[in-house]
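Here is the structure we will look at.
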Amino acid sequence: MNKRIAPYYWMTVPAVVLFFVFMTLPALQGIYYSFTNYNGFGKEYDFVGFKNYFNLFQDDNVGNAYWFTFKFAIVVTILTNILSLLIALGLNAKIKFRNFFRGIYFLPNILSVLIVGYIFNYLFSNVFPIWGQNLGINALSTNILGSESLAWIGIVIVAVWQSVALNTILYLAGLQTIPTTLYEASNLDGAGKWREFWSITFPLIAPFFTINMVLAMKNSLMVFDQIVALTNGGPGRATQSISHLIYTGGFEGGEYAYQSANSVIYFIVIAVISILQIRFLQRREMDL
């Protein structure tokens, strides 16, 4: 019996050790430093208790970063799930070259976020303005990434374009679990496509909808790479997300302990939102 169990230990123990060393231990260190005034270098620091946490709620930069992140996450989550569900419905239909299009739509998911961000940065800065001027479209004639009021829209476009790929695959997986006999029966009863969707399709893919909503919201709240590649938080601080603020303040601004406290609050916020999402959407699944 011991010989049969040994391989499982050899597979799990190294993974657990690596996870603890590179994930759990740094997180615990961050919590520890959040109660100090450590600046990120040197060995001298003092304990300040909950001072960093109190200051966070009075910091306008932190408040603006949270507002931008929540606004960005809500818009991206909604758009991503609407578009990915529509695309999945199309790719699940009986069309020519279906497998080819499925592969094409999944390509954005395997590309580096930073590379995609830099490519779109070039497009927004150099290509789209020229197209707008030649076509006489004022909305495309200027670089929206240079506008405080419009820069976030460019980041939303890039984030949605890349995140739709994974959600589409998950929705496709859900659609393929629905028995075709249900649709055949609905056709015999004279149900239209809209009725089929709300009475058959959506209720049966509700668990996949829950997964996609939670993943999309979590990933959007943690937005970082797109910010770095497209605007680096600018113009000014107009597109500075929480992750970007933690990184720049903690590693470049000498606010290591202060941003460690911000990280703890940030983690709690994401965890609470994810738990509430799961509970609410799972109740909706039961109602459907």
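The values are calculated or read from the model by the stated rules, or taken from the named source; none is laboratory data. It should be emphasised that the depicted structure is a prediction, and the values quoted were computed from it without experimental measurement. In this analysis, Cβ positions are derived from the backbone assuming ideal geometry, glycine residues included, and neighbour counts consider all displayed protein chains. Note: areas computed on protein heavy atoms with side chains; ligands, DNA, RNA excluded. Shrake-Rupley method; radii C 1.70, N 1.55, O 1.52, S 1.80 Å.
What you get for the chain, charging only the Cβ of Lys and Arg (+1) and of Asp and Glu (-1), is a dipole of about 920 debye around the Cα centre.
Residues whose amide H falls under 5 Å from that of residue 36, counting only those 5 or more places apart or on a different chain, are 48, with hydrogens built in the peptide plane.
Cβ-Cβ distance of residue 177 and residue 17, R₀ of 30 Å, FRET efficiency by 1/(1 + (r/R0)^6): the value works out to about 0.20. Taken as entire DSSP H runs, the helices of the chain that both span 30 Å or more between Cα atoms along their own long axis and average 1.0 or more on the Kyte-Doolittle scale are 60-92, 151-175.
Just how far, in whole angstrom, is the range 207-272 from the range 156-199 if you go by their alpha carbon centroids? Each part reduced to its Cα centre gives a spacing of 32 Å. Taking 98, 283, 237 and ordering them by how much accessible surface each has at a 1.4 Å probe, largest first, produces 283, 237, 98. Of the chymotrypsin sites (Phe, Trp or Tyr not before Pro) found in the range 20-58, those in coil by DSSP whose Cβ has at most 12 other Cβ atoms within 10 Å are 41, 50, 57.
The Kirkwood hydrodynamic radius of the range 184-281, based on inverse pair distances between different Cα atoms, is 16.5 Å. Here residue 8 sits with roughly 140 square angstrom of accessible surface, probe radius 1.4 Å.
Across every pair of non-identical alpha carbons in the range 116-220, the mean reciprocal distance, once inverted, gives a Kirkwood radius of 16.9 Å. Shown here for the range 136-216: GluC sites (Glu not before Pro) in loop regions (DSSP other than H, G, I, E, B) with at most 16 other Cβ atoms within 10 Å, namely 148. Taking 0.692 mPa s as the viscosity and 37 °C as the temperature, the Stokes-Einstein diffusion coefficient of the range 63-188 based on its alpha-carbon Kirkwood radius rounds to 194 µm²/s. Remark: relative contact order (the chain) = 30 percent; criterion is Cα-Cα distance under 8 angstrom and separation of 6 or more residues. Averaged over its residues, the chain has an accessible area of 62 Å² per residue, based on protein heavy atoms and a 1.4 Å probe. Computed with a 1.4 Å probe on the full set of protein chains, the accessible area for residue 23 sits at about 110 Å².
Projecting each Cα onto the charge dipole of the chain (Lys/Arg +1, Asp/Glu -1 at the beta carbon, about the Cα centre), which of 210, 171, 40 comes out farthest on the positive side? Selected residue: 171. Using a Gaussian network model of the chain in which every pair of alpha carbons under 10 angstrom is joined by a spring, one finds that among 242, 87, 155 the greatest mean-square fluctuation is at 87. Computed over the alpha carbons of the range 1-117, Rg followed by Dmax gives 23.8, 67 Å.
Across the accessible surface of the range 71-283, with the other protein chains kept in place and a 1.4 Å probe, carbon and sulfur atoms take up 68 percent.
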